[in-house]
Amino acid sequence: MSNEGTPQITRRTTRSSSAAVSINAAETSKTRISNVPTINDLAFDQEPINKDDLFSSFPGRRTQILELLHLLGPSNSPMLPIFIYGAASTGKTSIILQVFRHLKRPFVYSSCISCYSPRILFESILDRLLLHKKSDANGYSSAKRCEKPADFVNFLREALINIINNINSNSVNLSSDKLAGRPNGKMIYLIFDNLELVRDWDKSSTMLPFLFNLHNILKMPEVGLIYVSGTTPDTYYSSMGYIEPIPVYFPDYTEDALREIFMRNQANRKLYSSFLNAVLRPFCRVTRRVDALSIVFSSLYKVYCEPLKDLGIVPNEDMKRRLFAHLQPRITPFLNGIFRVPSQTSVEVEGNKKARWKNDAEKSICEGFEKVDFHMSASAKYLLISAFLASRNPATLDASMFDSTGGCSSHKRKRKASEKSMEQKEIAEQELLMRGPGTFPLERLLAIFQCITSVAEYSSSEEEEGSNGLGVEGSSSELMSDVLLQLSSLCNANFVTKGGNCPLEGSIRYRSTVSEELAMKVARSLRFPLSKYLYRR
């Protein structure tokens, strides 16, 4: 007979097999029970760290840590909302989380990167407070479906009351030995991280005032609110009637603090210290972001150690000089690579450069003509050109120089100029030359900077798409994070000077000191058409 004709015999369930099934089910139920969230999950499950370890873990942040501990106050003390802000990679999130590990207090952390809509933000907070964990058993659904702020307030108040009552009852009923592993205090804290991303949401005009107004809406002294943002407080606040949070500013790391950060956990501290002596100061003039520097330094350190056979050796002065001579030619490309400007010089490979020029002679001549005598990152070059345009061009011509897409407007009707208008133009040009470069506010500089970088991005992507069908990676918005640091570097180098305060605007004005020849040279190194945007051209 064939196999298809044979009857299927049902396997008998013996005592041993049934016992094995029951044991497996019991183990599965124990696993599920152990995975059920408890009140202990609202605090760090790791051992608390003392204050000295907290300070040593974050060099250069002692002042900010002490300020946060002072604002949080003793256990069970009410607090006003706190607004932590600073540039990217300044330790804001890491420090506030480690502070709560030190205090061992219950908190709910939510990041607007993963919680990218009001509904996801509301439901993630409620899931933590309701001790709900998404799993296969519940279909990976949330404990409450919540989309409206009014519903979130009702659910949030109910969940907070239950949590607070749970903490109070356990603190009374449990012994001191059992309380040792539980969160300290009867306060619960809500942390909203990456708050600046809420401004990109569809309902940001209502969500931001709602989040800042939670303290007044809840009216619960047992709840503390903490906001973490990469932008300053004045980008959020408006006359909505809520209590303004207490600001805590995280400045950029100093050079000494960066040295302490990168010296941690190094096997050969003396070798790595000699490496930092060679690279830290020039890179700090470009950026002080720890994440960007760590990536660059990890690659440069391998280059620095290439001549060495033994990485455990202690270098002497002669060896340091030889290692620096080996590393020096590689520093400049990495300095240019920190800021990725989507211009032709940064997106083209060497093969595309060779294909552009007709012969090697023309290429060598052009490269010699475009070479700048000093090193400057691509971002600083664009900022230098922006300052030059702001000083040379009248502010009234900015709208006509740039269209809505950031490029130069080429669709204007040109009419023949009369002799009188030509004379007036020559007189105006002579007056401008006599007066010299004008001053400009920071807002105008940033606007021109964003326009000309978008011009470079548009022209580069257009050329790339025409040659190989690939667009340009990156965007000019990536450059805006450290533009103030770049401006400070230009001021220190006397390329840009600070003028007096304008009595009407009340803000500092700047002035470009570079000549037109130098500005043209910098523009040619970027292949930026400066003459198209310069008045009198």
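The values are calculated or read from the model by the stated rules, or taken from the named source; none is laboratory data. Remember, predicted model here, so these are calculated numbers, not experimental data. As a convention, Cβ positions derive from the backbone with ideal geometry for all residues, glycine included, and neighbour counts pool all protein chains shown. The accessibility values were calculated without ligands, DNA or RNA, using every heavy atom of the protein model including side chains. Shrake-Rupley method; radii C 1.70, N 1.55, O 1.52, S 1.80 Å.
Within the range 375-390, how many residues are at pLDDT 85 or above and among the hydroxyl-bearing types (Ser, Thr, Tyr)?
Keep residues of the range 375-390 that are at pLDDT 85 or above, which gives 381-390.
From the residues that got through so far, the ones that are among the hydroxyl-bearing types (Ser, Thr, Tyr) too are 382, 386.
Qualifying residue count for the region: 2.
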All but one of (1) of a type outside the set (D, E, K, R); (2) under 19 Å from residue 110 (Cα atoms); (3) assigned to a helix (DSSP H, G or I) hold for residue 205; which doesn't?
(2)
Of everything in the range 233-267, what is at pLDDT 85 or above and either in contact with a Gly (Cβ under 6 Å, 6 or more places away or on another chain) or of a type in the set (Ser, Thr, Tyr) (or both)? Give them in sequence order.
249, 250, 253, 254, 257
Has the range 327-341 got any residue that is surrounded by 12 or more Cβ atoms within 10 Å (Cβ to Cβ), assigned to a helix (DSSP H, G or I) and of a type in the set (Lys, Arg)?
yes
Test: residue in the range 281-294 that is within 24 Å of residue 111 (Cβ to Cβ) and without any contact (Cβ under 8 Å) to a residue 60 or more places away in the chain:
yes
Subset tally (residues that are on the phi > 0 side of the Ramachandran plot and surrounded by 18 or more Cβ atoms within 10 Å (Cβ to Cβ)) for the range 132-159:
0
Return the residue satisfying two criteria in turn: it lies in the range 84-120 and is within 13 Å of the chain's Cα centre (by Cα) and open to solvent by 10 Å² or more (accessible area, probe 1.4 Å), and of such residues it is nearest to residue 43 (Cα to Cα).
93
Note on the range 508-537: residues open to solvent by 20 Å² or more (accessible area, probe 1.4 Å) and of a type in the set (A, V, I, L, M, F, W, C) are 508, 518, 520
